[in-house]
Amino acid sequence: MTPELKLQAVETRLGRQDFHYDFAVDGPGIVAISGPSGAGKSTLFHLIAGFETPANGRIVMNGVDVASLPPGKRPLTYIFQDHNLFAHLDVFTNVALGISPSLRLTDSDRRRIADALDDVGLGGFGKRMTQQLSGGERQRVAFARVLLRKRPFLLLDEAFASLDRALRQSLGDLLLRLQQNGDMMVLMISHDRDEILRLAGRVIEIRNGRNVFAGETRLWRQFANSTDRGQ
């Protein structure tokens, strides 16, 4: 199924700030979520993922309104800056959780895990503990788990923010390759304009708690340049 996401008049209020989102994106690819700090990018992600419940509106994923569903029932994977890994488990087991939370694995499952680790450049790392890994390697473990979960939506909440530029570029290349080999829609929060222009085919710009642009990256560049000149 082609991934499709619609936020229809979604509204919420946190503290004194009102948030309103209304846009639609469909098809696989990388969609960047841009905007200044505090604009509402993480709030948007929390609504999509189910960590926040909207006061009004519909959140439609692949034709189903998920606004009232708990996070575990939504067809997505969410990766935070800290990679969502368990420090007391080795790499293999962390990835295996993407297949079976109970860790009841078949021989076929074990082969899939090994293949996923190979795909992200971590072949032979299965028995290592996550605290032995670099930040980039931990992010690769998280990506391997994404491959096995096979959810149509992936949310990256500034997942590369703590990494140096060379490592960000390497993981961005890996993300492009993983996305192109599947049918995922990747939603990626980023403050890095160069990263957005290199990776994303579409951009949603958030300002003051609402989306002010949703469209192709080439058009977003014109929008961003014009609003920068207007400030």
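The values are calculated or read from the model by the stated rules, or taken from the named source; none is laboratory data. This structure is a prediction, so every number in the text was calculated from the model and none was measured. Cβ placement follows ideal geometry from the backbone for every residue including glycine, while neighbour counts extend to all protein chains displayed. The accessibility values were calculated without ligands, DNA or RNA, using every heavy atom of the protein model including side chains. Shrake-Rupley method; radii C 1.70, N 1.55, O 1.52, S 1.80 Å.
Of all the options Ala142, Ala67, Ala87, the one that moves most in a Gaussian network model of the chain with Cα springs shorter than 10 angstrom is Ala87. Using a 7 Å offset from Cα along Cα-Cβ at Phe80, what residues in region 30-44 end up with backbone N under 15 Å from the label point? Backbone N within reach: 42-43.
The apolar share of the surface of the chain, taken as the fraction of accessible area on carbon and sulfur atoms (1.4 Å probe, ligands and nucleic acids excluded), comes to 46 percent.
When a/c reaches 1.5 or more, the comparison of a/b and b/c decides; with that in mind, is region 26-83 rounded, prolate or oblate per its Cα gyration tensor? In terms of gyration-tensor shape, rounded. Surface exposure of the chain, expressed per residue as accessible area with a 1.4 Å probe, stands at 48 Å².
A simple rule links phi to the HN-Hα coupling: the Karplus curve 6.51 cos²θ - 1.76 cosθ + 1.60 with θ = phi - 60°, which for region 96-112 gives 4, 4, x, 9, 9, x, 8, 6, 8, 10, 8, 4, 5, 4, 5, 5, 5 Hz, with x for Gly and Pro.
Using a 10 Å Cβ count of at most 14 others and DSSP loop calls, identify the longest part of the chain lacking such trypsin sites (Lys or Arg not before Pro). Formally, the longest exposed-site-free interval is 17-103.
If you build the Cα gyration tensor of the chain and take the root of 5 times each eigenvalue, what three semi-axes come out, in whole angstrom, biggest first?
31, 20, 16
Cα centroid separation, region 36-83 to region 146-180: 18 Å. Scanning the chain for chymotrypsin sites (Phe, Trp or Tyr not before Pro) in DSSP loops with at most 16 neighbouring Cβ atoms within 10 Å leaves 87-231 as the longest stretch between them. Our estimate of slack between Val60 and Gln132, defined as 0.36 nm per intervening residue step minus the Cα-Cα distance, is 21.9 nm.
Karplus-based coupling profile of region 31-38, in residue order and whole Hz: 10, 7, 10, 10, x, x, 4, x, with θ = phi - 60° in 6.51 cos²θ - 1.76 cosθ + 1.60 and x standing for Gly or Pro.
When the chain is treated as a Gaussian network with alpha carbon springs shorter than 10 Å, the biggest mean-square fluctuation among Pro71, Pro28, Pro36 belongs to Pro36. In this rough spin-label picture, where each label sits 7 Å from Cα along the Cβ direction, the Ser68-Ala9 distance is 1.7 nm. Based on alpha-carbon atoms, the Kirkwood radius and the radius of gyration of region 21-138 give Rg/Rh equal to 1.02. The slack between Arg177 and Thr106, meaning 0.36 nm per residue of separation minus the straight C-alpha distance, is 22.8 nm.
DSSP bridge analysis restricted to the chain gives an antiparallel fraction near 55%, rounded to the nearest 5. Here the dipole of the chain is about 160 debye; that uses its Cα centre as origin and unit charges on the Cβ of Lys and Arg (positive) and Asp and Glu (negative).
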